[in-house]
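K.L.:
So that we are looking at the same thing, I have put the structure below in structure tokens.
Values in this text are rule-based calculations from the coordinates and carry no lab data. Remember, it's a predicted structure, so these values are computed and weren't measured experimentally. Cβ sites come from the backbone with ideal geometry, for glycine too, and all protein chains shown count toward neighbours.
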């Protein structure tokens, strides 16, 4: 299980895991968002189907290592988010990665339709979902972290300003 | 906006809102779960389409009133969770209520497919989703509340025992 | 909220709003149609999720400013048309903008499946829907505007002639 | 073409048409709404497939008879709304009637996915859609009818009050 | 209604009609098949929504002109096959033309889900469906035409031989 | 292969086959229609998966026995219509029988999406499709049978009259 | 993990596992089929989400205990078949159990869309799929067991005879 | 029926069949996997619809020729796997080949939704499904072949190591 921790100085609060390195194009949107907010996190490839023991170990250790949230992305028969949710008390946030032929409809249903008792908080298919999973984790952390709450409100204010500044027809540069 | 607070003694930490009193059959599963865990919460009918100002007011006041999470259920073109997420920094957890003809497929897509920047954590269609939204909120709260974490682990242990005790074919009473 | 009014001379009768400037490629088909018919209109980017207060303000002022119709385009969890319909007595005409992974199926359901009491008149996914929303608004306005009715009938007669002139196999230029 | 006009005194402003008398259970929701608002209307069974000439005649005469809107309901391969839209300049508002096996998904797509040039304003599948088609027609008529606008605003205010008065758990009578 | 008859010598037995010249890329597969079998046919663009009167005229004259079958292609809210079936006793064979965003799912349902009493024989979405509609017409004509039956059996024998000759991995030319 | 021929006197022109006797509730609508028109037909249960040799034998003999059309109903992975089309030059008309969980969506796709070269003329899911398959066969036969054409036109005239006689709200008996 | 072994005498060759005792109504069709063929098997409730360690233990021991196949049924976000496939070299046969709102579409996709490297052999949604999973296991075992092959061929011969004996219309008892 | 046997020395244990040589791009993933494991196999194009007699012959001879499994790929109305399952006691493993417009949803349903009594073990749409069908056959064969079991376990161990070695963000070569 190769690790690429982006913020080695701080102990990670959030784990971003994905079923394959090919999911990175989507999941990097979650990592970028956490980085923007300065939330210490770690990145792992953990395949539910090819690394089930690593998955179980990761889940068993997650709370003790101080993780407050796990963002899990997977595609197709996407079992990683739901299985991780079964293996740890740390809340799991799932990202449906688009699949080749069904464009993520299978990923979405495999993640969101969890049975009563073991939840996965699910977000939109693809890039938007990855970014939003991170934002939702930030919002959860911010409920007990005033500084982070401030950053979140600033982010949303900037976002509102950016939307307000949009023009149609789009202004074409000279 | 009629209120029926179930735990008046404690200031509510979680708001459960829904688009219509007809959503109660589903959303009561969220309320029951919070009650089981002793998490103070409040119940409100807030229709995004018929009470937009109440919705905005609720969102604006939510953080200041101490809400740490909002669970929002709606069906069909289910705008309540996403709009509430736009109106408050408090994290929103969405429950797709089954619709009459499309059985909640419309509700699910209307809730989960939020654009980048404004997340809604989405759960399964129907009863399981309502219960799981509450469980996920509990898991989030438990990351900073050791007692609640203990209750959550006890709940999961009991749940595991109940599953382990299941027999097939089901034992028929004499 | 940057404005780009195309017909400043006349007070706009129709507002064309969209959730992002990226929706312009679709929504310009509505604008072009209104322009062809000489119906004064305005263009606005109003994001339901990033600019909820601007959205409410727009809805509250719409009738008083003389708007007779609002054409609203949005994609994914497309809440703008339905929320605008909740915020104004001016009739709202919704355009499902194609989404990246689900090609507008989510947009269509999020717009059309409104609950009883707050309608959105919905049109086809994409370019055809945008053009048709404008044509339908024109048809509504034309019920009390004989000149516009004349233009509409001329448009339809030309359209019929163009279809009649179609040849198969298509004539290839020399 | 048997007619059952509900308000013979006034010349009808709105035609409600449907493909079969079996659609009445859905379409009566449109009629009831128009009746509540005192909008003179007529009811007709016009089958696109079994009465194409009657359909063409109805469309040709509609504008001259003073109709300002046509509400058309149909199920399955639902061609009535789109064909009526091709046959008259009067704006057409389509209601997808639920089908036996596909629950109205076929009806919805057959109505909403009209090609550029001939719009049908489409509403939700079933009862809600029928009621909302009528409400949208009322909103269109109200743009030039202050009394009707007043009724519409009163309706919406009552609707908001009714939603505000909802309680959960529902109050059980003693 | 521009006509491009490919076999002017013989009176056409089959009419191939389509909603727009843009459908030609698909519908040419029907024409090519009829040409291969030497079945006299005609080609017409007839838009149900832009040329309803031409459509009715075509249907009314079809039997008298000696047409034995009509192959009708259309996309999206594809009303041409079903309406033509309502307008003529000549059997209608429908081809769902792929639509831009829903890839022909809407076309298929709009064509195949006809109500009891007015059938459209429907084929696969796209090129295969167009070719097969023609083949099916040929099979129907061949039930009373021994020469055509012979050609059909020869075609199928060749088709079987071509399939039998297929190799995997495909033979790569030197 | 038990046979229940309804019109033993005449040599059957149409074969109605189905994958199981449980399909009878749907397929009887095809038989009733042929009976109404006096078209001699035979009924057979032929399971593609449980009776492949009988299926091949039936296909091989069909043309020689004078069958002019085969109506085939099946549900789920509905292979009977397509396989019969591969086994005989007689044209095959397919009826998607509703399946238990997917309501005939699987049946429809399994029947209609045939590859280029081997067509199945497909009709609506369920009762309407069965009746319409028979009506379409009748229309094909009627192209060379003036008496049958007359019956078909009379049927359609009666059908039009029945639709014209429909009233809404439905007349309630005293 | 309560066990109810139906054939204690023989060491089980097949394990039938399911996510909940509520899946029994479907999965009993697999058990009945194995029983009919005299294939020793065991029944277990193993919830992927509530009993992940039991699931891992079961998978780890399966081959050593002599299991030659595992039939796994689950509904909704159905992770049990795929996870079991990841945990054992014994081949896994998956049965999509119908879900409450999506009727097993979610179950099917969650089971069948496994990534390259970890297969689950998947069968139809519901009762037919459960029976067929067992039949397929029997066919696999029969490739090296002449007696079982004989039983399988006898079963199929009886099945063919039963289909051949079907009559339509169904014979009504006097 | 052109044959391209890859391992002429050994008598084939597995037949890989497909409906057209155009399916090779998908099905080669099954062949490659069998080759990697040294499982003797043969390749055939067998079209259910264009070569039904060859298909029946292949099924009738399969067991006698020593085939232990048949992997069958097909797209659209994909009848080859199910029909082959009806024609032989050898277990059949189906691969849904992606179709042009519906991306394999039709292929999947046509293969997996087999009626009770005639199973097809179905795998994912496309390349992953082809590879996995082969892997599942290998797992079945390995239950009575210790050497193959050893290879399978080595394959899985390598696969696990490969997944463990994945890094995110992917390491870019200098």
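K.L.:
If you count, for every residue in B:133-140, the Cβ atoms of partner chains within 10 Å of its Cβ, what is the mean?
P.N.:
Averaged over the peptide's residues, the number is 6.
K.L.:
Any idea how far the Cα center of the stretch G:127-154 sits from the one of the stretch H:89-123, in Å?
P.N.:
19
K.L.:
Quick check on the protein assembly as shown: what does the Kirkwood estimate of hydrodynamic radius come out to from the alpha carbon pairs, in Å?
P.N.:
32.6
K.L.:
Counting alpha carbon pairs within less than 8 Å and at least 6 residues apart, what relative contact order, in whole percent, applies to the stretch G:83-158?
P.N.:
With pairs under 8 Å counted, the relative contact order is 25 percent.
K.L.:
Still on this structure, please answer the following. Say R0 is 30 Å: what FRET efficiency, to the nearest 0.05, do residue E:153 and residue H:22 get from their beta-carbon distance?
P.N.:
Efficiency, rounded to the nearest 0.05: 0.75.
K.L.:
Counting only other chains, and only Cβ atoms inside 10 Å, what mean value do you get across the residues of G:86-95?
P.N.:
Taking the mean over all residues of the peptide, I get 5.
K.L.:
Rounded if a/c is under 1.5, else prolate if a/b beats b/c, else oblate: with a ≥ b ≥ c from the C-alpha gyration tensor eigenvalues square-rooted, which is the stretch G:104-163?
P.N.:
Because a/c hits 1.5 or more and a/b fails to exceed b/c, the stretch G:104-163 counts as oblate.
K.L.:
Something else now. Classify chain H from the C-alpha gyration tensor, please: rounded if a/c falls under 1.5, else prolate or oblate depending on whether a/b exceeds b/c.
P.N.:
Oblate is the answer for chain H, as a/c is 1.5 or above yet b/c matches or exceeds a/b.
K.L.:
Relative contact order of chain D: what whole-number percent is it, with Cα pairs under 8 angstrom and at least 6 residues apart?
P.N.:
20
K.L.:
Follow-up. Semi-axes, largest first, in whole Å: what does sqrt of 5 times each Cα gyration tensor eigenvalue give for the stretch B:49-114?
P.N.:
Semi-axes, largest first: 23, 12, 8 Å.
K.L.:
Grab the residue from chain C whose Cβ hugs the C-to-H rotation axis most tightly, plus its distance in whole angstrom.
P.N.:
C:103, 6
K.L.:
Using 7 Å Cα-to-Cβ label points, what is the residue E:165/residue C:60 separation (nm, one decimal)?
P.N.:
Result for the modelled spin labels: 7.7 nm.
K.L.:
Would you look at the GNM of chain C, springs on alpha carbons closer than 10 Å, and say which of C:98, C:12, C:115 moves the most?
P.N.:
Fluctuation is largest for C:115.
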